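Student: Following this message is one structure expressed as structure tokens.
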Amino acid sequence: MQPEATLTSMRLRAPRAAAIAGILFSILLISAVVLLRLSVPDDPLEAGAWLRTRAHIVELALYLVPFAGIAFLWFMGVLRDRMGEREDRFFATVFVGSGLLFLAMLFFSAAVAGGIIIAFAAAPERLLGSGTFALARAITYEIMNIYAIKMAGVFMIATSTLALRTGFFARWIALLGYALALLLLLSTRNIPGILLVFPLWVLLVSLYILVDDRRARVSGERASIGEGRPSPTESQ
């Protein structure tokens with residue numbers, strides 16, 4: 001394969017990889033959050049009745065979290081690769097740092113929730129009503145509904161700023177990202193479903209990248225045919 005064709009193929013594969021990873025992350029995290037909201041009451045001081053009847057649903061939600069994290073890491077890596085030499089070092093650092101902090105807090109909260117389920121299976125009567133249960137439940141709630149959400153907002157601001165400077169997705173999506181990030185940063189712990197804002201925005205970004213990549217591939221194939229060169233599908 002000629003060097004020009006190789007570079008073109010690499011440019012086409014990277015956006016698709018970012019889009020697919022972002023879509024997987026969004027679907028997995030949205031599924032996990034919805035399952036948790038359907039199973040666990042919002043009140044961090046509730047008595048833990050869900051452990052008797054819906055612990056298996058919570059376990060399924062927690063099982064999805066690591067795979068969502070892997071997809072998000074892939075999404076971040078491919079986006080940085082797409083920015084290339086155009087990325088701003090300051091915002092790129094904030095982009096990576098906030099993304100990793102969000103994942104760390106997501107994983108920590110899931111681990112604490114999983115620990116609650118294991119402890120309940122071992123000694124249900126000792127756990128419910130204890131200070132240990134109340135503390136673990138409150139920690140999980142606080143980390144996800146305050147700290148993780150704030151880091152998600154910072155990630156959206158950094159990503160939107162880099163998008164405006166490099167043009168790797170549409171300006172209107174970046175502006176929407178600023179507005180939603182402000183909502184996350186100013187939100188309190190008592191807004192139901194606020195965590196869904198972040199994966200839904202990532203899903204929007206991923207779908208745009210996928211469509212834009214498809215449009216670029218079609219334009220490239222038409223240009224190749226117009227210049228008398230075989231298209232990528234014909235050369236394979």
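The values are calculated or read from the model by the stated rules, or taken from the named source; none is laboratory data. This is a predicted model, so every value here is computed, not measured. Cβ sites come from the backbone with ideal geometry, for glycine too, and all protein chains shown count toward neighbours. Side chains included, ligands, DNA and RNA excluded: accessible areas come from the protein's heavy atoms. Shrake-Rupley method; radii C 1.70, N 1.55, O 1.52, S 1.80 Å.
Student: Test of understanding: among F107, F133, which residue is under 16 Å from P66 (Cα atoms) and among the aromatic types (F, W, Y)?
Tutor: F107
Student: Here is a list: T93, T132. Which entry is over 27 Å from S187 (Cβ atoms), among the polar types (S, T, N, Q) and exposed (fewer than 15 other Cβ atoms within 10 Å of the Cβ)?
Tutor: T132
Student: For region 122-139, give me each residue that is free of Cβ contacts under 8 Å to residues at least 60 places away in the same chain and not basic (K, R).
Tutor: A122, A123, E125, S130, G131, T132, L135, A136, I139 - these are the residues of region 122-139 that are free of Cβ contacts under 8 Å to residues at least 60 places away in the same chain and not basic (K, R).
Student: Which residue pairs have Cβ atoms under 7 Å apart, sit 6 or more places apart or on different chains, and have a first residue in region 155-167 that is surrounded by fewer than 23 Cβ atoms within 10 Å (Cβ to Cβ) and a second that is hydrophobic (A, V, I, L, M, F, W, C) and not in a helix (DSSP H, G or I)?
Tutor: Going by the 7 Å Cβ cut-off, the qualifying pairs are A163/F169.
Student: Shifting gears a bit: At pLDDT 95 or above and not hydroxyl-bearing (S, T, Y): which single residue out of L64, L79 fits that description?
Tutor: Numbers: L79 fails: at pLDDT 95 or above.
Only one candidate passes the filter, namely L64.
Student: Mind listing whichever residues of region 189-214 are of a type in the set (V, I, T), surrounded by fewer than 18 Cβ atoms within 10 Å (Cβ to Cβ) and either touching a Pro at 6+ places or on another chain (Cβ under 7 Å) or not in a helix (DSSP H, G or I) (or both)?
Tutor: Of everything in region 189-214, just one residue is of a type in the set (V, I, T), surrounded by fewer than 18 Cβ atoms within 10 Å (Cβ to Cβ) and either touching a Pro at 6+ places or on another chain (Cβ under 7 Å) or not in a helix (DSSP H, G or I) (or both), namely I191.
Student: Let me ask something else. Would a scan of region 70-90 turn up a residue that is in contact (Cβ under 8 Å) with a residue 40 or more places away in the chain and not in a helix (DSSP H, G or I)?
Tutor: Checked region 70-90: at least one residue is in contact (Cβ under 8 Å) with a residue 40 or more places away in the chain and not in a helix (DSSP H, G or I).
Student: Would you mind listing the helices (runs of 4 or more DSSP H) fully within region 94-168 where at least 1 residues are under 13 Å from the mean Cα position of the chain (by Cα) and under 18 Å from D42 (Cβ atoms)?
Tutor: Result: 149-166.
This table checks each residue for (1) surrounded by fewer than 18 Cβ atoms within 10 Å (Cβ to Cβ); (2) basic (K, R); (3) under 17 Å from I116 (Cα atoms).
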{"residue": "V40", "(1), (2), (3)": "no, no, yes"}
{"residue": "T53", "(1), (2), (3)": "yes, no, yes"}
{"residue": "V58", "(1), (2), (3)": "no, no, yes"}
{"residue": "V65", "(1), (2), (3)": "no, no, yes"}
{"residue": "A71", "(1), (2), (3)": "no, no, no"}
{"residue": "M76", "(1), (2), (3)": "no, no, no"}
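Student: Here's something else I'd like to know. I'm checking my understanding of the structure. Among residues of region 27-38 that are among the β-branched types (V, I, T) and touching a helix residue (DSSP H, G or I) at 6+ places or on another chain (Cβ under 6 Å), which one is most open to solvent (accessible area, probe 1.4 Å)?
Tutor: I30
Student: Same structure, new question: Quick check, is E142 of a type outside the set (F, W, Y) and free of Cβ contacts under 8 Å to residues at least 60 places away in the same chain?
Tutor: Judged against the criteria, E142 is not a match.
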